[in-house]
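Presented below is the structure to which this report refers.
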Amino acid sequence: MISIISLVGYANSGKTTLLVKLVRELKKRGFKVATVKHHHGDFEIDVPGKDTWHHARAGADTVVLASPGKIAMIEKTGRELTLDEIAGRIKGVDLIITEGYKKENKPKIEIFRSEVHSELVSPRDELLAVAGDVPIEGIPVFDFDDVAGLVDFLIEKLALRAQG
């Protein structure tokens, strides 16, 4: 089973910034990483007027765009999938990092900046660690820029091994 961690925090706390830094550090160490971004509304990744856009507008339930180096799939689900359902479709990675999914029961790293908020967004028992600027009793806290230290912690805590 692939380990999943969720980066959570208030809007504009730095979730995307930290996610990008974590992915870069994990890739440097030989890990294969998938990311999942939670979006609260509908979204469109297809370009209006392009062939796949026409396929979807014609009623295709799944549209796949494939090239020699990558594929993209747009699938109508009819409902919001759970994180476990999404993770079940991801293969060949060592770790899945999500941005959001604060209501899912997965280990979380909360981004906490004291100048932006005064309370954690997550229950303490769901937090693996905090990336922030103030100590929080009973929870490992990493400086927002200590990405190497946070990755060391994740490798040990989740017993991560790179597939190579």
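The values are calculated or read from the model by the stated rules, or taken from the named source; none is laboratory data. Computed from a predicted structure; not experimentally measured. Don't worry about glycine lacking a Cβ; one is built from the backbone with ideal geometry, like all the others, and counts go over all protein chains shown.
Summary of values
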read-out	value
Any hit, region 99-113, residues being among the aliphatic types (A, V, I, L, M), within 23 Å of the chain's Cα centre (by Cα) and modelled with pLDDT of 90 or more	yes
Looking only at region 131-154, and only at residues there that are in contact (Cβ under 8 Å) with a residue 40 or more places away in the chain and of a type in the set (A, V, I, L, M), the one that is surrounded by the most Cβ atoms within 10 Å (Cβ to Cβ)	A131
Region 92-107, residues that are among the charged types (D, E, K, R), surrounded by 13 or more Cβ atoms within 10 Å (Cβ to Cβ) and in a loop (DSSP other than H, G, I, E, B)	D94, K102, E104, K106
Residue match in region 84-91 (condition: assigned to a loop (DSSP other than H, G, I, E, B) and either in contact with a helix residue (DSSP H, G or I) (Cβ under 7 Å, 6 or more places away or on another chain) or modelled with pLDDT under 90 (or both))	no
Residue that is farthest from A34 (Cα to Cα) [pool: residues in region 155-164 that are touching a residue at least 12 places away in the same chain (Cβ under 8 Å) and not aliphatic (A, V, I, L, M)]	K157
Conditions (1) at pLDDT below 85; (2) farther than 30 Å from V141 by Cβ; number of the one not met by E80	(1)
Residue match in region 142-164 (condition: at pLDDT 95 or above, in a strand (DSSP E or B) and within 19 Å of S3 (Cβ to Cβ))	yes
Which listed residue is in contact (Cβ under 8 Å) with a residue 12 or more places away in the chain and either small (G, A, S) or not in a helix (DSSP H, G or I) (or both), from E25, E80, E110	E110
Residue in region 122-130 that is touching a residue at least 40 places away in the same chain (Cβ under 8 Å) and part of a loop (DSSP other than H, G, I, E, B) present	yes
Subset of region 131-141 that is touching a strand residue (DSSP E or B) at 6+ places or on another chain (Cβ under 8 Å), part of a loop (DSSP other than H, G, I, E, B) and at pLDDT below 95 - its residue that is nearest to N12 (Cα to Cα)	D133
Residue within region 79-87 that is within 13 Å of the chain's Cα centre (by Cα), of a type in the set (A, V, I, L, M) and loosely packed, with under 14 Cβ neighbours inside 10 Å present	no
All positions within region 116-130 that are buried (at least 16 other Cβ atoms within 10 Å of the Cβ) and farther than 20 Å from T17 by Cα	E126
Filter result for the condition that a residue is surrounded by 12 or more Cβ atoms within 10 Å (Cβ to Cβ), farther than 24 Å from I5 by Cβ and modelled with pLDDT under 90, over A66, A56	A56
